[in-house]
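The values are calculated or read from the model by the stated rules, or taken from the named source; none is laboratory data. Small disclaimer: the values here were computed from a predicted structure and weren't measured. Quick reminder, even Gly has a Cβ in these numbers, built from the backbone with ideal geometry, and neighbours come from all protein chains shown.
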Amino acid sequence: MKIIKDFCMAVLNFVVPLVPIQFLRKTMYKLVGMKIGRDTTILRPVYLYNPYSIKIDNNCAINDHVVLDGRGGLEIEEKVNISPYVKIYTAEHDLNSPEFEYTSKKVIIKKYAWISTGSIIMPGVTIGEGAVIAGGAVVTKDVDDYTIVGGIPAVKIGERSRNLNYNPNFKRYFH
């Protein structure tokens, strides 16, 4: 059974991204249980862990070279923009555990959040509504609504306007 699951994940992560038509890729992701809302864009390649535990709402943009980890559960609300080379992890090892214990915690990204290029979101984090994660930031703690964070580890560097009304998805049918 593990061999079949590993084979399916290899196909999902290394063959499906070669399909140049977004609609077909999204259909294949949905067939393995990933929940993807309407008018959501997923560019290629993306790398998925446990896609059946990933839920992406309507009108989101998932850019290229993104890692989405569903092992602990990943929920992305509507109108979220995830820039290229972002990594969102929901599982890790406890570095203080004598047995190197595996742990997992759900990540939630609320509507209108913007996760900028090269950022890393660690397990158990909630990104608040309208929050911005600056490029290259490593987020280890929850981010409040409409807060801008940056750095390693990420700290508050500003506030974002609360007057947001956009759809970050974009139609690139052959990417």
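Within the range 104-118, residues that are modelled with pLDDT of 95 or more reach partners that are among the aliphatic types (A, V, I, L, M) and not in a strand (DSSP E or B) with beta carbons closer than 6 Å, at six or more positions or on different chains, in the pairs Val107/Val125; Ile109/Val80; Tyr112/Leu164; Ala113/Val80; Ala113/Ala131; Ile115/Val86; Ser116/Ala134.
For residues in the range 22-73 being among the β-branched types (Val, Ile, Thr) and surrounded by fewer than 19 Cβ atoms within 10 Å (Cβ to Cβ), which is nearest to Lys5 (Cα to Cα)? That would be Val32. The single condition among (1) hydrophobic (A, V, I, L, M, F, W, C); (2) within 27 Å of Tyr146 (Cα to Cα); (3) out of contact with any helix residue (DSSP H, G or I) (no Cβ under 6 Å at 6 or more places or on another chain) that Leu18 does not meet is (2).
Restricting the range 10-52 to residues that are in a loop (DSSP other than H, G, I, E, B) and among the small types (Gly, Ala, Ser), the residue that is farthest from Ile62 (Cα to Cα) is Gly33.
Scanning the range 121-131 for residues that are without any contact (Cβ under 8 Å) to a residue 40 or more places away in the chain and either closer than 17 Å to Ile54 by Cα or touching a Gly at 6+ places or on another chain (Cβ under 6 Å) (or both) yields Ile121, Met122, Val125, Thr126, Ile127. If you take the residues in the range 128-171 that are small (Gly, Ala, Ser) and not in a loop (DSSP other than H, G, I, E, B), which one is surrounded by the fewest Cβ atoms within 10 Å (Cβ to Cβ)? The selected residue is Gly158. Looking only at the range 144-170, residues that are β-branched (Val, Ile, Thr) and closer than 20 Å to Val66 by Cα come to 2 in all. Do we have any residue at all in the range 66-76 that's part of a loop (DSSP other than H, G, I, E, B), touching a residue at least 40 places away in the same chain (Cβ under 8 Å), touching a helix residue (DSSP H, G or I) at 6+ places or on another chain (Cβ under 9 Å) and small (Gly, Ala, Ser)? Within the range 66-76 (the criterion being part of a loop (DSSP other than H, G, I, E, B), touching a residue at least 40 places away in the same chain (Cβ under 8 Å), touching a helix residue (DSSP H, G or I) at 6+ places or on another chain (Cβ under 9 Å) and small (Gly, Ala, Ser)), the answer is yes, since at least one residue qualifies. For the condition in a loop (DSSP other than H, G, I, E, B), farther than 24 Å from Glu78 by Cβ, acidic (Asp, Glu) and more than 15 Å from the chain's Cα centre (by Cα), Glu92 does not qualify. Scanning the range 69-93 for residues that are among the aromatic types (Phe, Trp, Tyr) and within 11 Å of Tyr49 (Cβ to Cβ) returns a single hit, Tyr89.
Mind checking which residues of the range 53-65 are under 22 Å from Cys8 (Cα atoms) and not in a strand (DSSP E or B)? Of everything in the range 53-65, those that are under 22 Å from Cys8 (Cα atoms) and not in a strand (DSSP E or B) turn out to be Ser53, Asp64, His65.
Would you mention how many residues in the range 35-52 are in contact (Cβ under 8 Å) with a residue 24 or more places away in the chain and either closer than 20 Å to Thr126 by Cα or in contact with a strand residue (DSSP E or B) (Cβ under 9 Å, 6 or more places away or on another chain) (or both)?
10
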